Amino acid sequence: MGFTLDHLRRDALAKFDTVIDVRSPAEFAEDHVPGAINLPVMSNEERAKIGTIYVQQSPFLARKLGAAIVARNAARHIETELADKEGGWQPLVYCWRGGQRSGSFASILSQIGWRTDVLEGGYRAYRTQVVRMLYEDALRYRFVLLDGNTGSGKTAILHSLNEQGAQMLDLEGLANHRGSLLGAMRDEQPSQKMFETRLAQALLELDPSKPIVAEAESSKIGERLIPASVWKAMRSAPRIDITASLQVRAQFLTRDYADVLEDPAHMAERLDKLRALCSHARVEQWLAYLGEGKHEKLAAELMEHHYDRGYERSREGRDNTVLATLKADGLEPRHIEGLARQVADLLDQL
């Protein structure tokens, strides 16, 4: 048994019916091979216990007790999650480095009669390829950046571009964050490793011979860092600027952040974090607007006195070529679609 992963594309594992990650739930949650399911042969607590025994007592005792735990958990998985699998089912099993956990589970599955393989090098082999792609090798992709102040509809334009057949990369979507202090979404951000896995897979689905549109970002989205090769390509990419009046942007931002505004207490916590950057009096005024439901007024002042100033500072170090500046008279769906068509026309000229 042994399967070597020689590339990261989704079809690399297409021959297998199921990819099984037998690591602990905590390891799986941090990152895993795309499409894998988690059938842990040790729980988080069991893994910690066996590790302690290995270090403090003896490796032999740890292996003996660990084998019993693996056997019990394997039996439970066979009786539950795998109960409906027919004789021709073909799984791929992996653990951290293709060692005892995956080997033991795969051996049991093979004895039943299933055509079972173990991923050589385990998750670590997959992770090595992700790191090589995003940090070590020169990126094959060409970017065009959408730039513009907060509330100028850049993410919406990206998705409209995608609907029109252009290539785009939604980094904020992959990082589950809108890219600002107030941009955290209800669900937590993925781990850095999971963000990188998502990014690698998203890039592999795109055509390197055609430009990819992405938002102009800082090197950090929330708590997640854009990997070196992607950031380098973005730093040298030409950009398309989107401009809109403060009123138009405030109207759009109020709609775009509706999910955040539905939770005033959480929004107030986020506004409190701005006291170190803005005056206490100004933050108190913003909290008053929030309490009174004056969301558009709040959005306008946040942009005028906080976001726009930050954008201006971040632009000072940029020397990207500006391909065009597109003025948005509105940011309703019809305006977004029209702006996306203009961007797509510019891409056709590259």
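The values are calculated or read from the model by the stated rules, or taken from the named source; none is laboratory data. Values in this document were obtained by computation on a predicted structure and should not be read as measured data. Methodologically, a virtual Cβ is constructed for each residue, glycine included, from the backbone with ideal geometry; neighbour enumeration extends over all protein chains shown. Side chains included, ligands, DNA and RNA excluded: accessible areas come from the protein's heavy atoms. Shrake-Rupley method; radii C 1.70, N 1.55, O 1.52, S 1.80 Å.
Restricted to the range 308-329, and to residues that are part of a helix (DSSP H, G or I) and open to solvent by less than 30 Å² (accessible area, probe 1.4 Å), which residue is modelled with the highest pLDDT?
Here the residue is 308.
Go through 145, 169, 161, 204 for me and flag whichever is buried (at least 19 other Cβ atoms within 10 Å of the Cβ), touching a Leu at 6+ places or on another chain (Cβ under 8 Å), in contact (Cβ under 8 Å) with a residue 40 or more places away in the chain and of a type outside the set (S, T, N, Q). Before you say what the answer is, go through the steps one by one.
Values: 145 fails: touching a Leu at 6+ places or on another chain (Cβ under 8 Å); 161 fails: touching a Leu at 6+ places or on another chain (Cβ under 8 Å); 204 fails: buried (at least 19 other Cβ atoms within 10 Å of the Cβ).
The conditions single out 169.
The rows are residues; the columns are (1) hydrophobic (A, V, I, L, M, F, W, C); (2) modelled with pLDDT under 95.
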site: 90; (1), (2): no, no
site: 108; (1), (2): yes, no
site: 117; (1), (2): no, no
site: 120; (1), (2): no, no
site: 130; (1), (2): yes, no
site: 168; (1), (2): yes, no
site: 185; (1), (2): yes, yes
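Restricting attention to the range 256-293, the residues being of a type in the set (D, E, K, R) and either on the phi > 0 side of the Ramachandran plot or in contact (Cβ under 8 Å) with a residue 40 or more places away in the chain (or both) number 4.
Starting from residues that are open to solvent by less than 20 Å² (accessible area, probe 1.4 Å) and in a strand (DSSP E or B), keep the ones in the range 238-253 and report whichever is nearest to residue 154 (Cα to Cα). Applying the filter and picking the extreme gives 242. Based on what the data block shows, is residue 90 without any contact (Cβ under 8 Å) to a residue 12 or more places away in the chain, loosely packed, with under 15 Cβ neighbours inside 10 Å and among the polar types (S, T, N, Q)? For residue 90, the condition - without any contact (Cβ under 8 Å) to a residue 12 or more places away in the chain, loosely packed, with under 15 Cβ neighbours inside 10 Å and among the polar types (S, T, N, Q) - is not met. On the given criteria, is residue 31 closer than 17 Å to residue 96 by Cα, at pLDDT 95 or above, in contact with a His (Cβ under 7 Å, 6 or more places away or on another chain) and buried (at least 19 other Cβ atoms within 10 Å of the Cβ)? Answer is no for this residue.
Of the candidates 18, 4, the single residue that is among the β-branched types (Val, Ile, Thr), closer than 22 Å to residue 127 by Cα and at pLDDT below 95 is 4. Quick check on residue 60: is it under 17 Å from residue 110 (Cβ atoms) and not hydroxyl-bearing (Ser, Thr, Tyr)? Judged against the criteria, residue 60 is not a match. Enumerate the pairs (first residue in the range 239-252 and more than 22 Å from residue 346 (Cβ to Cβ); second residue anywhere and open to solvent by 30 Å² or more (accessible area, probe 1.4 Å)) with beta-carbon separation below 6 Å, excluding pairs fewer than 6 apart on the same chain, so at least 6 apart or on different chains. Between residues of the range 239-252 that are more than 22 Å from residue 346 (Cβ to Cβ) and residues that are open to solvent by 30 Å² or more (accessible area, probe 1.4 Å), the close pairs are 250/296.
If you check residue 189 against the conditions, is it more than 28 Å from residue 309 (Cβ to Cβ) and surrounded by fewer than 22 Cβ atoms within 10 Å (Cβ to Cβ)? Steps first, answer last, please.
Working: more than 28 Å from residue 309 (Cβ to Cβ): no; surrounded by fewer than 22 Cβ atoms within 10 Å (Cβ to Cβ): yes.
In short, no.
Here is a yes/no grid of residues against (1) under 14 Å from residue 250 (Cβ atoms); (2) open to solvent by less than 40 Å² (accessible area, probe 1.4 Å):
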site	(1), (2)
271	no, yes
280	no, no
297	yes, no
306	yes, yes
